[in-house]
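Asker: If you scroll down you'll find the structure; I have some questions about it.
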Amino acid sequence: MALFPIISNFERDFVLLLVPVDTENTMDEVTAAAAHHSVGRRVAPQPNKVIRVRRQGAKDFFPRDKRLGETDIRPMEALEFIFADA
Amino acid sequence: MALLERHEWYDIARSTNWTPKYVSEDQLFPDVMTGAQGVPVEKWEVYDEPYKVSYPEYVRIQREKDAGAYSVKAALERSRIYENADPGWRSILKAHYGAIALGEYAAMSAEARMCRFGRAPGMRNMATFGMMDENRHAQIQLYFPHEYAPKDRQFDWAHKAYHTNEWAAIAARHTFDDLFMARSATEIAVMLTFAFETGFTNMQFLGLAADAAEAGDFTFASLISSIQTDESRHAQIGGPALQVLISNGRKAEAQKLVDIAIARAWRIFCILTGPSMDYNTPLQHRKQSFKEFMQEWIVGQFERSLIDLGLDLPWYWDKMIAEFEYQHHAYQMGLWFWRPTLWWNPAAGVTPECRAWLEDKYPGWNASFGQAWDVITDNLLNGRPELTAPETLPIVCNMSQIPICAIPGDGWNVKDYPLDYEGRLYHFNSEIDRWIFEQDPKRYRDHMTLVDRFLAGKIQPPDLMGALAYMSLAPGEMGDDAHGYAWVEAFKKAPPLAAE
């Protein structure tokens, strides 16, 4: 367990945000932490979609149950949070 | 005996170069301080300032300017212009004074460096007047807001801002340190007087004086006009210095200085002037949009100055012009959303009428920025104001020290421009900001942004209250919506435009 800062670049939001997460968090948990600061604040919810996370510029999303500590994501790396089909 | 005309004695009187006997030329004028770039002194002696003034003339004119501005202030002291002004206008005043007044003192130091280390006698002569100009600007822009400090504590930030770690103050200091506090005399001539002052401040002050008159604030209008006439004179120090550099084979070096300075000046003007013109200025007083202003003055006028001097347009010119469409809208959203971190109260500027104006001036605004404002407006309408308050920090650009932001909603184009340098990951708002860093990484690498400081544990407790304390924002100082959210009332009758 270790505190791990990432940068959230949330689809349809206007700004990059600092989001503190934990190496034990799954990608779904990381996504929920990022969504907390954007959805319902400046980004309208999209109830029929799920939010997935990927590296900036990547095409593929990280698996939803993968733990942050198991990836090669660096602290303060910008991650894209994208509304995707459920 | 009749006095000589100025032109009969001026050239001889300001031929103040001499041959040093006790120290070497290099010791007297070290290149690190002159920035002469190896161009020999005799080549600098052809420097010919376009605006010539003698000391008695200068004193007489400045006395008249001061007398004019202070008389208008005294005459209008009881006129209740301040009380009757729109809160958006008061916010413009607060932001302006805090961001500019002490910057003028910094500019005075920079002019002093040109007085001492300018390689051309004409440059030293003009900079002497420029130094006194900047001293006057600092003092008058501290004296005028001082009258308002008892009425509103945020005006105390005219003097306080630069002494704090408030994020916009860090951004201003970082920019001005780079452009003129930590530069040689020649670099100052190019970066401060040519790029920053000719390109931006001189024209900005013209626009601001007109806006102040339009808003009925004749005290501020006369103050700003009085400053602008000084700027238009001493801003001319840079042009002849550029001519000397270019004609002596230093065009590439000169071009780089200009390119860095314009890019840095653009960021400051974008966040200070963009929201002022398009959001804080009451709708009925807006004469042109920020984009139209930039296209007229920067693209139409300044572009010609660059070409006339024999310079090229900066490599990023088209990218910068593209930013005229959106960057200041993103900055405005950041200023408003993180409003407790400001020393002024930002106006939202998004009533239904304002939004119609924004859509007209910036087609597509409703589908992009409007969608984000819809969510904010909806939260305020439905009793969820806590969702319009910040809970985390935005990522700050390692060059501009301003949050990294761009277009939300349908045109979403927000992106990090990262750089891995010596094992540290840096983040930039654009390719332009990252390019500046790459020109001289050692110069910039050790600076810590507000986010870096937060992660390093320098902000305690590590939450919003800790951050506000770190920024020296006391209760009664931190910003809130300029109109007390009254603008939301209009939406109780009609839904936000983008939602229709």
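Computed from the coordinates by the stated procedures, all read-outs in this text should not be read as laboratory data. Predicted model, so just to flag it, every value in this text is computed and none were measured. Cβ placement follows ideal geometry from the backbone for every residue including glycine, while neighbour counts extend to all protein chains displayed.
Asker: Specify the angular offset, from 0 to 90 degrees and rounded to the nearest 10, of the alpha carbon long axis of helix B:238-247 from the longest principal axis of the alpha carbons in chain B.
Answerer: Helix B:238-247 sits at roughly 60 degrees to that axis.
Asker: Shape verdict for region B:160-317, please, from the Cα gyration tensor: rounded (a/c under 1.5), prolate (a/b greater than b/c) or oblate.
Answerer: Taking the square roots of the gyration eigenvalues as a ≥ b ≥ c, region B:160-317 is prolate.
Asker: Using a ≥ b ≥ c from the Cα gyration tensor of region B:1-134 (square roots of the eigenvalues), is it rounded, prolate or oblate, where a/c under 1.5 gives rounded and otherwise the larger of a/b and b/c decides, a/b for prolate?
Answerer: Working: a/c = 3.80, a/b = 1.77, b/c = 2.14.
Oblate.
Asker: Sticking with this structure for a sec: From zero outward in steps of 10 Å, how is the percent of C-alpha pairs of the protein assembly as shown spread across the bins?
Answerer: Reading the bins upward from 0: 3, 16, 26, 25, 17, 8, 3, 1, 0, 0.
Asker: Sticking with this structure for a sec: Within a 10 angstrom radius of each residue's Cβ in A:35-48, how many Cβ atoms of other chains show up on average? Whole number is fine.
Answerer: 4
Asker: Now a separate question. Quote the charge dipole size of chain B about the Cα centre in Debye, to the nearest 20; the model charges only the Cβ of Lys and Arg (+1) and of Asp and Glu (-1).
Answerer: My answer is approximately 840 debye.
Asker: Hey, another quick one. Beyond a 18 Å Cα-Cα separation, which of these cross-linked pairs lie in this structure: B:Lys65/B:Lys94; B:Lys43/B:Lys251; B:Lys94/B:Lys151?
Answerer: As for pairs spanning more than 18 Å Cα to Cα, those are B:Lys65/B:Lys94.
Asker: Out of all DSSP beta bridges with both ends in the protein assembly as shown, state the antiparallel percent to the nearest 5.
Answerer: Antiparallel bridges make up about 80 percent of those DSSP assigns within the protein assembly as shown.
Asker: Right, here's the next one. With no solvent and one point on each alpha carbon, what is the Debye value of log10 I(q)/I(0) for chain B at q = 0.10, 0.11, 0.12 Å⁻¹?
Answerer: Listed by q, the Debye log ratios stand at -0.80, -0.96, -1.14.
Asker: So what's Rg/Rh here for region B:270-361, counting alpha carbon atoms and using the Kirkwood radius for Rh?
Answerer: Values: Rg = 15.1 Å, Rh = 14.5 Å.
When Rh is taken as the Kirkwood radius, the ratio is 1.04.
Asker: Under 17 Å between alpha carbons, and skipping anything fewer than 8 positions from B:Lys492 in its own chain: which aspartates and glutamates qualify?
Answerer: B:Glu353, B:Asp374, B:Asp378, B:Glu500
Asker: Which of rounded, prolate, oblate describes region A:3-85, given a ≥ b ≥ c as roots of the alpha-carbon gyration tensor eigenvalues and a/c under 1.5 marking rounded, otherwise prolate only if a/b is larger than b/c?
Answerer: Judged from the Cα gyration tensor, region A:3-85 comes out prolate (a/c at least 1.5, a/b above b/c).
Asker: Quick one: check the C-alpha center-to-center distance for region B:114-161 versus region B:165-188, whole angstrom.
Answerer: The two parts, judged by their Cα centres, are 15 Å apart.
Asker: Give me the distance between the Cα centres of region B:427-478 and region A:18-86, rounded to whole Å.
Answerer: 24
Asker: How many partner chain Cβ atoms sit within 10 Å of a residue's Cβ in peptide B:374-380, on average, as a whole number? Working shown, then result.
Answerer: Values: counts 2, 10, 2, 0, 2, 3, 0.
Partner-chain Cβ atoms within 10 Å, mean over residues of B:374-380: 3.
Asker: What's the angle, to the nearest 10 degrees (0 to 90), between helix B:202-214's Cα axis and the longest principal axis of chain B?
Answerer: 50
Asker: Could you give the angle, 0 to 90 degrees to the nearest 10, between helix A:27-38's Cα long axis and the longest principal axis of the Cα atoms of chain A?
Answerer: 50
Asker: For peptide B:409-421, how many partner chain Cβ atoms fall within 10 Å of a residue's Cβ, on average? Present the calculation step by step, with values, prior to reporting the outcome.
Answerer: Details: counts 7, 1, 1, 8, 1, 11, 6, 10, 2, 6, 0, 1, 0.
If you average over the peptide's residues, the count of other-chain Cβ atoms is 4.
Asker: Relative contact order for region B:55-499: what is it in percent, counting Cα pairs under 8 Å that are at least 6 residues apart?
Answerer: Taking the mean separation of contacting Cα pairs over the length of region B:55-499, I get 18 percent.
Asker: Give a residue-ordered list of calculated ³J(HN,Hα) values for region B:104-120 (Karplus: 6.51 cos²θ - 1.76 cosθ + 1.60, θ = phi - 60°; whole Hz; x for Gly, Pro).
Answerer: With the stated coefficients, region B:104-120 comes to 5, 5, 4, 5, 4, 4, 5, 4, 4, 5, 5, 4, 8, 10, x, 7, 9 Hz.
Asker: Still on this structure: Sorted by average packing, counted as other Cβ atoms within 10 angstrom per residue and highest first, what order do B:363-373, B:319-329, B:25-35, B:477-487 take?
Answerer: Final packing ranking: B:363-373, B:319-329, B:477-487, B:25-35.
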